[in-house]
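Reading through the structure tokens given below for one structure.
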Amino acid sequence: MKKLEKLIFEKSVQGSGTYRVSTSNSGAIINEIPDNLKRQDFDFPEVPENEVMRHFLKLSRLNFCVDEGFYPLGSCTMKYNPKINERVASLEGFNELHPLVPMDKCQGSLRLMYELSDYLKEILGMDSVSLQPVAGASGEMTGLKIIREYHKVKGNLHKKIIIMPDSAHGTNPASAMMAGFEVREVKSNDRGGVDIENLKSVIDDNVAGFMVTNPNTLGLYDENIEEIAALFHEKDALLYYDGANFNAIMGKVKPGDMGFDIVHLNLHKTFATPHGGGGPGAGPVGVKSKLSNFLPVPVISKKDNKYILDYSLQNSIGKVHAFYGNFAVLIKAYTYIRMLGKDGLRKSSEYAVLNANYIMERLKDKYSVPYKRTCMHEFVISAKKIKKETGISAMDIAKALLDKGYHAPTMYFPLIVEEALMIEPTETETLTTLDEFCQAMIEIYNMCYNNAEEMHSMPKNTPITRVDDVKAARNPKINYYKAKL
Amino acid sequence: MGFYPHSADDVRKMVEKLRINNVDELFSSINKKKLNPEINLPEPLTENEAFEELKKLANMNFSDMICFTGAGSYDHYVPAIVDEISGRSEFYTAYTPYQAEVSQGTLQTIYEFQSMICALTGMEVSNASMYDGASALAESIIVAMNQKKKSNIVLIPENINPDYVKVIYTYIAGLDINVVRVPINKNGLLDINFLKNYQNIGQVGALVVQNPNFFGLMETQIDEIIKFKQENSIMLIGVVNPITLPVFKTAPDIDYDILTGEAQPLGMYRSFGGPYIGFIATKEKYLRKLPGRIVGMTDDTEGNRCFVLTLQAREQHIRRDKATSNICSNQALCATRAAVFMSVLGKQGMKELAFVNIQKARELMEILLKKGFELKYNGTFFNEFVVYCKNAADIHEKLLKKGIMLGIKLEDSSFLNMKDCLLICATEKSSLKNFEKLEKALDEVTI
Ligand SMILES: Cc1ncc(COP(=O)(O)O)c(C=O)c1O
């Protein structure tokens with residue numbers, strides 16, 4: 001039997017909670033609340049503090065994390081999260097600060113944000129930055145609302161189309177939809193880049209913008225990017241850069257120099273802030289000067305040697321967060337940039353790309369690589385041939401990796417590669433780790449052909465075995481108390 | 001200082017394996033003229049130097065001010081166990097739990113979070129979190145309006161957090177949704193008569209009610225609001241502060257279709273505005289319309305009960321431009337913190353927290369009334385209230401010089417031009433000592 005943990009609700013015993021918020025008899029206040037506003041009773045756990053500690057400690061042990069081992073989850077940049085970042089983000093001067101204190105009381109935070117914006121401008125080749133978006137998708141929506149507003153101000157209401165490659169991440173079309181655009185796809189060519197001929201046939205005056213990742217979601221750098229940019233700029237369409245893959249090119253090339261007008265970064269990928277099991281992240285957006293006035297407010301400006309929250313942007317799209325974004329995440333990215341400096345950032349990308357190419361080179365005889373060219377910080381393999389010959393799918397291979405103590409690569413993305421597995425090692429892994437991982441992948445490959453049966457039943461060494469997704473979705477149980485009813 | 005461990009020998013071996021001469025050959029797809037650009041950044045630092053730099057910045061903030069301010073960010077005590085657990089690498093250095101077999105820690109924790117949000121709100125289902133209270137409300141409105149395809153008006157009273165309203169306007173730009181603001185009455189509550197006499201009622205898809213509202217007041221006209229929403233078949237969206245819910249009436253007594261809000265009070269530091277965490281809870285019939293991640297219970301192949309991300313057919317990676325939202329990463333670690341917070345306080349602690357907040361706010365109100373302020377609105381409030389005084393701005397300014405922030409000036413808000421009004425907040429952390437300091441300071445500045 002596996003070592004699973006009961007639910008907190010199953011540990012609840014009436015009257016056994018130990019935590020006290022008040023030692024006085026505060027309950028008398030209830031008499032001052034009108035009866036018609038009062039709630040009767042409610043279900044809630046009652047568990048003593050030491051049992052709460054044990055509960056979550058046991059739960060934590062059921063997780064795999066990058067502090068435990070190699071996490072080659074493509075497109076997610078699971079690099080080491082420096083521990084100093086956690087320490088500085090928990091300094092009281094930062095975490096006990098109310099967001100609405102007068103500006104002369106928060107000069108430290110504002111200066112940090114001002115300087116971080118400056119660094120990101122330099123790194124991206126952009127003229128202005130907003131730190132307000134809180135994730136990649138939040139940055140995308142911000143950028144697309146800017147595109148919309150830009151065309152609206154110019155009176156070009158017919159510009160309703162956003163073009164993106166068929167390899168785009170799901171958030172790209174979803175963000176376009178949330179900004180009121182229609183999506184038009186452009187095909188990828190046999191080098192994994194944008195098919196220019198196809199692009200010319202889908203581009204017209206109704207196009208508001210182009211959204212792309214470069215290196216793209218195949219881990220490949222589109223060498224035609226400047227030509228593509230020119231095609232869009234001819235139609236007064238704006239170029240949006242999804243920075244999820246920025247770890248490939250920090251200090252190597254600036255999106256601004258490729259011709260992009262708007263960029264978002266995922267600080268929780270490239271800039272080493274931890275992902276937290278699914279956030280909080282930060283998705284700052286940078287723009288060229290013609291769009292500076294459209295950024296969310298406030299931005300951080302400097303006036304008379306003081307840092308200020310500046311609400312004066314004429315065409316601002318408004319706000320995307322109640323306050324200024326995920327400030328504590330910004331502290332971590334700031335610290336990371338300060339420690340690495342320009343050479344450190346550049347070297348990080350160089351080693352990220354070197355690591356990815358090294359693994360690809362070692363695996364390419366076993367696993368088919370659909371695009372035979374130098375990759376950037378990640379690459380995609382296809383298990384299509386293996387599946388045809390052995391019945392073993394990309395999913396089976398991913399699950400086998402879990403059994404060997406690794407996190408799985410990203411599976412079944414991008415959609416244009418059948419049986420895709422996307423591998424991103426990041427720069428923070430040693431050659432020994434890469435070699436061991438390659439060895440594990442080769443063993444798995446051999447197993448596909450020698451012991452396919454075994455492959456279907458993996459993983460076995462993990463806290464649970466494969467899960468029944470269909471059951472979860474068919475009869476959703478997502479609330480303990482409802483299940484009890 | 002960097003975090004790439006390659007020795008010169010490693011690099012040599014790798015480069016040889018790749019049959020290249022140097023690493024830059026890997027970047028040959030990039031236009032040579034654009035490669036390795038100048039970047040102007042400060043010199044690199046050691047960990048020790050970075051720590052000193054960051055301490056310097058932190059010390060430039062006045063985080064030790066006595067702060068009687070809420071307005072969307074609340075000064076609650078964070079139990080030590082919350083930091084202890086969310087500081088575990090297993091939680092904070094994992095990615096989104098795509099691989100359920102090695103992510104049961106995060107998945108079960110989120111399931112427990114969802115369940116406790118449901119228990120608190122009285123709703124049937126909850127998602128795994130949203131970016132913050134403002135975006136959670138904006139997305140709730142989009143969900144509600146998608147249910148009412150023939151309507152394009154959402155009614156939003158003037159007593160809703162003005163920053164949330166700004167976020168709503170940004171989210172709905174480009175969509176077929178129009179905001180109509182509902183005026184407020186002399187009690188600071190929404191004007192029921194406006195609703196009853198509203199001409200365009202056929203166009204209305206949803207009504208938003210913040211409870212307690214931005215002024216801290218509990219809505220007392222709930223029966224009339226429910227009647228209005230049921231008669232006109234309108235989606236009712238509630239925006240609540242979760243720590244009020246152990247005491248104040250909620251669903252199903254109040255017929256909310258969606259309950260949303262900011263869960264920062266459940267274990268998040270104020271942190272200059274983020275990270276916080278939004279939640280969305282709803283009726284089961286709207287489950288498949290929810291944005292974001294949802295964790296569900298299921299079995300593994302050996303029959304063990306386990307948890308998995310579910311109902312993904314709503315989400316961007318499957319439905320792309322037909323998804324319910326673009327949200328991908330959410331605020332999972334904040335949900336973990338909230339789950340620990342709610343678990344450790346438990347039923348009794350959550351009740352006490354609500355009681356003490358009500359109590360402290362009343363004590364603070366008494367002090368201010370004694371010193372010459374007046375209550376702007378009479379009504380039942382939770383831990384915030386609005387006071388009025390003819391030189392409020394001046395007093396606010398002078399108190400700041402003494403290290404006390406007496407709420408926020410409502411005239412500063414771009415939607416609420418409420419001159420001489422302060423929005424004040426007290427919490428369980430508002431100590432007697434700080435109340436005494438405030439009294440003394442008020443005596444000094446008002447003379
Ligand atoms: C290419 C790409 N774009 C966008 C996103 C969305 O980023 P986030 O999860 O921070 O919203 C991701 C995240 O996986 C991504 O890989």
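Counting just the residues of segment A:256-271 that are within 16 Å of the ligand (Cβ to nearest atom) and farther than 20 Å from A:Tyr334 by Cβ, which one comes out nearest to the other protein chains (Cβ to nearest Cβ)?
Per the stated criteria, the residue is A:Phe260.
When only residues in segment A:272-302 that are small (Gly, Ala, Ser) and facing another protein chain (nearest Cβ under 9 Å) count, which is farthest from the ligand (Cβ to nearest atom)?
Top of the filtered list is A:Ala272.
Tell me, yes or no, whether segment B:63-78 has at least one residue that is within 7 Å of another protein chain (Cβ to nearest Cβ), within 20 Å of A:Arg346 (Cα to Cα) and surrounded by 20 or more Cβ atoms within 10 Å (Cβ to Cβ).
No, segment B:63-78 contains no residue that is within 7 Å of another protein chain (Cβ to nearest Cβ), within 20 Å of A:Arg346 (Cα to Cα) and surrounded by 20 or more Cβ atoms within 10 Å (Cβ to Cβ).
Please find, among B:Gly303, B:Gly346, B:Gly274, the residue that is without any contact (Cβ under 8 Å) to a residue 12 or more places away in the chain and within 7 Å of chain A (Cβ to nearest Cβ).
Working: B:Gly303 fails: within 7 Å of chain A (Cβ to nearest Cβ); B:Gly274 fails: without any contact (Cβ under 8 Å) to a residue 12 or more places away in the chain.
Step by step, each of B:Gly303, B:Gly346, B:Gly274 is checked, and only B:Gly346 is without any contact (Cβ under 8 Å) to a residue 12 or more places away in the chain and within 7 Å of chain A (Cβ to nearest Cβ).
If you scan segment A:458-485, which residues turn out to be polar (S, T, N, Q) and either touching a strand residue (DSSP E or B) at 6+ places or on another chain (Cβ under 6 Å) or facing chain B (nearest Cβ under 8 Å) (or both)?
Selection gives A:Thr462, A:Thr465, A:Asn479.
Could you grab me the full set of residues in segment A:125-135 that are in contact with a strand residue (DSSP E or B) (Cβ under 6 Å, 6 or more places away or on another chain) and within 16 Å of the ligand (Cβ to nearest atom)?
A:Ser130, A:Pro133 - these are the residues of segment A:125-135 that are in contact with a strand residue (DSSP E or B) (Cβ under 6 Å, 6 or more places away or on another chain) and within 16 Å of the ligand (Cβ to nearest atom).
Of all residues in segment B:306-322, which are at the interface with chain A (Cβ under 9 Å from one of its Cβ atoms) and without any contact (Cβ under 8 Å) to a residue 40 or more places away in the chain?
Hits for segment B:306-322 are B:Thr310, B:Leu311, B:Gln312, B:Ala313, B:Glu315, B:Gln316, B:His317, B:Ile318, B:Arg319, B:Arg320, B:Asp321, B:Lys322.
Given the conditions (1) over 28 Å from B:Ala323 (Cα atoms); (2) at the interface with chain B (Cβ under 9 Å from one of its Cβ atoms), and given that A:Leu73 satisfies all but one, which numbered condition is not satisfied?
The failed condition is (1).
Going by the structure shown, is B:Asn330 part of a loop (DSSP other than H, G, I, E, B), over 26 Å from A:Val47 (Cβ atoms) and not charged (D, E, K, R)?
No.
Consider B:Met145 carefully, then state whether it is hydrophobic (A, V, I, L, M, F, W, C) and either out of contact with any helix residue (DSSP H, G or I) (no Cβ under 6 Å at 6 or more places or on another chain) or more than 7 Å from chain A (Cβ to nearest Cβ) (or both).
Yes; evaluated as a whole, the condition is true for this residue.
Is there a residue being crowded, with 24+ Cβ neighbours inside 10 Å, in contact with a Gly (Cβ under 6 Å, 6 or more places away or on another chain), outside any helix (DSSP H, G or I) and at the interface with chain A (Cβ under 7 Å from one of its Cβ atoms) anywhere in segment B:97-111?
The answer is no; no qualifying residue exists.
May I ask you to say which residue of B:Lys419, B:Lys390, B:Lys409, B:Lys376 is more than 28 Å from B:Glu219 (Cβ to Cβ) and either in the same structural domain as B:Glu436 (by TED's automatic domain parsing) or under 27 Å from the mean Cα position of the chain (by Cα) (or both)?
Just one listed residue meets the conditions, B:Lys390.
Report, ordered by the first and then the second residue, all pairs with beta carbons closer than 6 Å, sequence separation of six or more or different chains, a first member in segment A:209-234 that is free of Cβ contacts under 8 Å to residues at least 40 places away in the same chain and more than 12 Å from every other protein chain (Cβ to nearest Cβ), and a second member that is within 11 Å of the ligand (Cβ to nearest atom) and among the polar types (S, T, N, Q).
Listed pairs, sorted by first residue: none to list.
Can you pull out the helices (runs of 4 or more DSSP H) entirely within segment A:91-162 that have at least 2 residues that are more than 10 Å from every other protein chain (Cβ to nearest Cβ) and either surrounded by fewer than 22 Cβ atoms within 10 Å (Cβ to Cβ) or in contact (Cβ under 8 Å) with a residue 40 or more places away in the chain (or both)?
In segment A:91-162, the matching helices (runs of 4 or more DSSP H) lie at A:107-124, A:136-153.
Give the number of residues within segment A:242-257 that are in contact (Cβ under 8 Å) with a residue 12 or more places away in the chain and in contact with a Leu (Cβ under 8 Å, 6 or more places away or on another chain).
Of the residues in that region, 8 qualify.
Which residue pairs have Cβ atoms closer than 6 Å, lie 6 or more positions apart in sequence or on different chains, and pair a first residue in segment A:343-354 that is more than 7 Å from chain B (Cβ to nearest Cβ) with a second residue that is hydroxyl-bearing (Ser, Thr, Tyr) and outside any helix (DSSP H, G or I)?
Short answer, once both residue conditions are applied: A:Ala352/A:Thr426.
Do the conditions hold for A:Phe210, that is, is it open to solvent by less than 10 Å² (accessible area, probe 1.4 Å), under 22 Å from A:Asn189 (Cα atoms) and either of a type in the set (Lys, Arg) or assigned to a helix (DSSP H, G or I) (or both)?
Against the criterion (open to solvent by less than 10 Å² (accessible area, probe 1.4 Å), under 22 Å from A:Asn189 (Cα atoms) and either of a type in the set (Lys, Arg) or assigned to a helix (DSSP H, G or I) (or both)), A:Phe210 does not qualify.
Which numbered condition in (1) within 16 Å of the ligand (Cβ to nearest atom); (2) out of contact with any strand residue (DSSP E or B) (no Cβ under 7 Å at 6 or more places or on another chain) is the only one that A:Glu149 fails?
Exception for A:Glu149: condition (1).
The values are calculated or read from the model by the stated rules, or taken from the named source; none is laboratory data. Computed from a predicted model, the values in this text were never measured in an experiment. In this analysis, Cβ positions are derived from the backbone assuming ideal geometry, glycine residues included, and neighbour counts consider all displayed protein chains. For accessibility, only protein heavy atoms count, side chains too; no ligands or nucleic acids. Shrake-Rupley method; radii C 1.70, N 1.55, O 1.52, S 1.80 Å.
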